[in-house]
Amino acid sequence: MEFNVKGITFKFDELEKISLTEIKKETISHAHLFHLLPGMTKAILLLRAGDFVEPSFVTKYVEKGLGDVYALNIINKNELLEFKELWSLLKNASNQKDSFIARDKILNKISMDFWENKEKSFLSFVIASFEEFYFYPPIILEKYQEQSMLLYTRTLLTSSISSIAALCNGFVDYFYIKDLYNSSFMLDYGLIEYGSLNYAMSQACEKERNKPGEGIESLLKLKRPESEITTFKHHGDISAKVAEEYSSLFKYPEVIKFIKFHHEKCDGTGFSNGYFYSGMSDAEVLLMFCDYMIPFSEHIFQKGDGHIVLKSYYNELCKMENQYLIPVNKTMTNWESMMNWFLTKYEEVS
């Protein structure tokens with residue numbers, strides 16, 4: 001029997017029955033979790049793969065008398081372990097040569113698994129990166145999930161993309177990549193600092209992503225409240241201010257300011273500070289690339305979505321209207337060149 005629950009299609013024999021007490025808490029779920037009603041003809045989605053598992057989730061259903069759930073596993077645990085081992089290889093590199101060897105191994109696997117392969121889920125890399133790098137308190141994750149699941153999932157994707165973009169552009173310092181990851185995690189936090197992300201705001205974000213300069217115009221045409229327009233225009237500054245509260249956790253706290261640049265434009269007409277291309281470095285626009293890579297739309301982690309995230313989204317970015325207004329051409333070129341190079345030229349360095 002086939003089920004289709006909120007965009008997730010699966011068969012009963014793909015499910016694994018597990019005890020609620022077996023579910024690992026305070027991390028990202030490896031599987032979609034369902035409750036099957038008596039007769040096994042209807043499934044209720046309890047938690048999506050990629051969602052953060054709060055302790056209250058398990059407590060809630062245990063108190064309701066639910067002992068077991070059915071898991072639709074999205075990732076292969078060996079794949080997750082391999083990515084974690086590769087990040088550890090970079091972390092423990094004792095010199096620059098070893099760092100680049102680790103970089104090559106990481107990018108080779110990413111290129112083979114997601115750029116070329118159309119069967120694997122990006123969730124394995126998302127979880128490995130989250131467990132390796134994330135250092136904010138749980139309240140940040142909880143607020144993302146409470147205010148906007150769309151923004152929460154998108155944040156997981158952009159943060160993971162930031163670590164790949166850094167490697168593609170020659171950054172191999174483990175702690176620098178870690179700081180970039182956590183800066184990326186706060187890119188759009190300012191959108192929910194004062195409330196939830198409503199439909200008009202999310203549409204403005206997507207319009208801005210597709211055609212730089214259209215986001216604010218969209219809100220003005222819809223006659224949205226001035227407070228909402230101000231939040232949209234200054235969300236990068238708001239996000240950076242929150243991140244600065246945790247600056248002691250950063251080895252390179254200067255990367256926090258990169259958050260402020262992700263909606264600037266080459267000609268100085270971007271927001272919120274009107275910087276020109278000449279005022280931004282290659283490192284400062286890395287997070288801009290990540291932000292424009294990932295659309296403001298619902299993402300369901302499933303087998304095969306890695307190719308969509310790394311290649312299909314990249315191809316869509318290449319088609320973006322007014323692309324010349326954002327200074328990411330070099331980052332994009334390096335991204336595509338590295339992905340293709342590892343498919344055709346790379347020989348593993350032992």
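This table checks each residue for (1) out of contact with any Ser or Thr (no Cβ under 9 Å at 6 or more places or on another chain); (2) β-branched (Val, Ile, Thr); (3) farther than 29 Å from Phe175 by Cα.
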position: Tyr194; (1), (2), (3): no, no, yes
position: Lys221; (1), (2), (3): yes, no, yes
position: Ser227; (1), (2), (3): yes, no, yes
position: Tyr246; (1), (2), (3): yes, no, no
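Give the number of residues within the range 36-69 that are within 28 Å of the chain's Cα centre (by Cα) and at positive phi.
So the answer is 1.
Mind checking whether some residue in the range 79-93 is modelled with pLDDT of 95 or more, in the same structural domain as Tyr134 (by TED's automatic domain parsing) and in a loop (DSSP other than H, G, I, E, B)?
Yes, the conditions are met somewhere in the range 79-93.
Pull out all pairs, ordered by first then second residue, where Cβ-Cβ is under 6 Å, the residues are six or more apart or on different chains, the first lies in the range 136-151 and is closer than 16 Å to Leu47 by Cα and among the charged types (D, E, K, R), and the second is surrounded by fewer than 16 Cβ atoms within 10 Å (Cβ to Cβ) and at pLDDT 95 or above.
none
From the list Val255, Val172, which residue is not hydroxyl-bearing (Ser, Thr, Tyr) and not in a loop (DSSP other than H, G, I, E, B)? Outline the logic, then answer.
Values: Val172 fails: not in a loop (DSSP other than H, G, I, E, B).
Answer to the selection: Val255.
For the range 197-238, which positions are of a type in the set (A, V, I, L, M, F, W, C) and either free of Cβ contacts under 8 Å to residues at least 12 places away in the same chain or in contact with an Asp or Glu (Cβ under 6 Å, 6 or more places away or on another chain) (or both)?
Taking the range 197-238 as the starting set, the residues that turn out to be of a type in the set (A, V, I, L, M, F, W, C) are 197, 200-201, 204-205, 216, 219-220, 222, 229, 232, 238.
If the condition is that a residue be of a type in the set (A, V, I, L, M, F, W, C) and either free of Cβ contacts under 8 Å to residues at least 12 places away in the same chain or in contact with an Asp or Glu (Cβ under 6 Å, 6 or more places away or on another chain) (or both), then Leu220, Ile238 are the ones that fit.
Filter the range 280-293 for residues that are surrounded by fewer than 21 Cβ atoms within 10 Å (Cβ to Cβ) and not hydroxyl-bearing (Ser, Thr, Tyr); which is modelled with the lowest pLDDT? Please lay out each step first, then the result.
At the first step, the residues of the range 280-293 found to be surrounded by fewer than 21 Cβ atoms within 10 Å (Cβ to Cβ) are 280-284.
Okay, now just the ones that are also not hydroxyl-bearing (Ser, Thr, Tyr), so 280, 282-284.
Working: Met280: 77, Asp282: 82, Ala283: 83, Glu284: 83.
Residue satisfying both the conditions and the ranking: Met280.
It is to be established whether one or more residues within the range 285-292 are out of contact with any Asp or Glu (no Cβ under 6 Å at 6 or more places or on another chain) and closer than 20 Å to Lys120 by Cα. Walk me through it before giving the result.
As a first pass, look at the range 285-292 and keep what is out of contact with any Asp or Glu (no Cβ under 6 Å at 6 or more places or on another chain): 285-292.
Filter once more, so that each one left must be closer than 20 Å to Lys120 by Cα: none.
No - not one qualifying residue is present in the range 285-292.
I'd like to verify a number: residues in the range 25-56 that are closer than 20 Å to Glu298 by Cβ, free of Cβ contacts under 8 Å to residues at least 40 places away in the same chain and not hydroxyl-bearing (Ser, Thr, Tyr), how many? Explain how you work it out, then say what you get.
Residues of the range 25-56 that are closer than 20 Å to Glu298 by Cβ, as a first pass: 28-34, 43-53.
In the following step, the residues that additionally are free of Cβ contacts under 8 Å to residues at least 40 places away in the same chain were identified as 29, 33-34, 44, 46-47, 53.
This time we only want the ones that are not hydroxyl-bearing (Ser, Thr, Tyr), so: 33-34, 44, 46-47, 53.
Residues meeting the conditions: 6.
Does at least one position in the range 152-169 carry a residue that is under 18 Å from Leu80 (Cα atoms) and part of a loop (DSSP other than H, G, I, E, B)?
Within the range 152-169, none of the residues are under 18 Å from Leu80 (Cα atoms) and part of a loop (DSSP other than H, G, I, E, B).
Of everything in the range 150-200 that's among the charged types (D, E, K, R) and surrounded by fewer than 22 Cβ atoms within 10 Å (Cβ to Cβ), which residue is modelled with the highest pLDDT?
Asp173
Which condition number does Glu119 fail, the rest of (1) under 20 Å from Asp305 (Cβ atoms); (2) part of a helix (DSSP H, G or I) being met?
Every listed condition holds for Glu119 apart from (2).
Take Lys257 and tell me if it is modelled with pLDDT under 95 and not polar (S, T, N, Q).
Values: modelled with pLDDT under 95: yes; not polar (S, T, N, Q): yes.
Here the answer is yes, as Lys257 does meet what is asked.
Of everything in the range 1-35 that's more than 21 Å from Pro137 (Cα to Cα) and of a type in the set (S, T, N, Q), which residue is nearest to the chain's Cα centre (by Cα)? Show your work before the answer.
Step one: filter the range 1-35 for residues more than 21 Å from Pro137 (Cα to Cα), giving 1-22, 31-35.
Right, trim to of a type in the set (S, T, N, Q) and you get 4, 9, 19, 21.
Working: Asn4: 25, Thr9: 23, Ser19: 29, Thr21: 28 Å.
Among those residues, the one meeting the criterion is Thr9.
Output the number of residues of the range 201-229 satisfying the condition of being surrounded by 15 or more Cβ atoms within 10 Å (Cβ to Cβ) and not in a loop (DSSP other than H, G, I, E, B).
Residues in the range 201-229 being surrounded by 15 or more Cβ atoms within 10 Å (Cβ to Cβ) and not in a loop (DSSP other than H, G, I, E, B): 17 in total.
Give the residues of the range 87-100 that are touching a helix residue (DSSP H, G or I) at 6+ places or on another chain (Cβ under 8 Å), crowded, with 16+ Cβ neighbours inside 10 Å and touching a residue at least 40 places away in the same chain (Cβ under 8 Å), sorted by residue number.
Trp87, Leu90, Ala93, Ser99
Can we say Tyr194 is farther than 30 Å from Asn95 by Cβ, assigned by TED's automatic domain parsing to the domain that holds Ala102 and of a type outside the set (Gly, Ala, Ser)? Step through it out loud before you land on a result.
Working: farther than 30 Å from Asn95 by Cβ: yes; assigned by TED's automatic domain parsing to the domain that holds Ala102: yes; of a type outside the set (Gly, Ala, Ser): yes.
Answer is yes for this residue.
The values are calculated or read from the model by the stated rules, or taken from the named source; none is laboratory data. This is a predicted model, so every value here is computed, not measured. A quick note on method: Cβ atoms are made from the backbone with ideal geometry, for glycine too, and the neighbour counts reach across all protein chains shown.
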